[in-house]
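The values are calculated or read from the model by the stated rules, or taken from the named source; none is laboratory data. This one's a predicted model, so the numbers in the text were calculated from it and none came from an experiment. Cβ sites come from the backbone with ideal geometry, for glycine too, and all protein chains shown count toward neighbours. For accessibility, only protein heavy atoms count, side chains too; no ligands or nucleic acids. Shrake-Rupley method; radii C 1.70, N 1.55, O 1.52, S 1.80 Å.
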Amino acid sequence: MRPVDEVVGIIADIFPDWQVYSDSIPPEVIDDKNVTQVLITESVSDVSNYADDTFNMIELGVRIQIFYSLDFDRSMLVTEVQLMKELEKERWRVTDSQPHYLDLSQTDEQQTIKNIEVNKTTTLVEIGYDG
């Protein structure tokens, strides 16, 4: 399983009414401002923890981009804290949380966007490598 797939599953479980996508948002739904959409992309994939002339761990990073629906009626801050706490339970550490901004590329009503970056360090055994 790719790191983005794991994070997609976590977010979809917490917020089943959101549309959560990995890598790209499909063209047929990209302009739907009436639903909260989330785009998950990989941001880090690196090896670490060298011993005996080889690496023993992998550092993974995922970027989460939330496009809030125009009629989002909950506290965005509380929602994001809930998301970050659930990710932490699964060992995803929040490494960056950018301020909200409006999608100025939209000419009528702008959606609020939030970017969060999470990282996870895992052993080779945890990912299923027994080599």
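Of the residues examined, residue 94 is one that is open to solvent by 30 Å² or more (accessible area, probe 1.4 Å), over 19 Å from residue 123 (Cβ atoms) and in contact with a helix residue (DSSP H, G or I) (Cβ under 7 Å, 6 or more places away or on another chain). Residues in segment 61-85 that are open to solvent by 60 Å² or more (accessible area, probe 1.4 Å), touching a residue at least 12 places away in the same chain (Cβ under 8 Å) and not in a strand (DSSP E or B): 70, 71, 82. Within the set 7, 20, 38, the sole residue that is in contact (Cβ under 8 Å) with a residue 24 or more places away in the chain, assigned to a strand (DSSP E or B) and crowded, with 17+ Cβ neighbours inside 10 Å turns out to be 38. Residue-level check: of (1) modelled with pLDDT of 95 or more; (2) of a type in the set (A, V, I, L, M); (3) closer than 17 Å to residue 97 by Cβ, residue 44 misses just (1). Looking at segment 98-109 only, could you name the residues that are part of a loop (DSSP other than H, G, I, E, B), open to solvent by 60 Å² or more (accessible area, probe 1.4 Å) and not charged (D, E, K, R)? Within segment 98-109, 98, 99, 100, 104, 105, 107 meet the criteria.
In segment 38-54, what residues are hydroxyl-bearing (Ser, Thr, Tyr) and closer than 14 Å to residue 116 by Cβ?
Here is the first cut: in segment 38-54, the ones hydroxyl-bearing (Ser, Thr, Tyr) are 41, 43, 45, 48, 50, 54.
Listed by number, the residues that qualify are 41, 43.
Here residue 55 meets the list (1) aromatic (Phe, Trp, Tyr); (2) touching a Leu at 6+ places or on another chain (Cβ under 9 Å); (3) buried (at least 17 other Cβ atoms within 10 Å of the Cβ) almost entirely, failing just condition (3). Quick one: is residue 124 surrounded by 12 or more Cβ atoms within 10 Å (Cβ to Cβ), under 21 Å from residue 49 (Cα atoms), over 16 Å from the mean Cα position of the chain (by Cα) and not hydroxyl-bearing (Ser, Thr, Tyr)? So residue 124 passes the test. The numbered conditions (1) part of a strand (DSSP E or B); (2) in contact (Cβ under 8 Å) with a residue 12 or more places away in the chain; (3) out of contact with any Lys or Arg (no Cβ under 9 Å at 6 or more places or on another chain); (4) of a type outside the set (Lys, Arg) are all true for residue 50 except (2).
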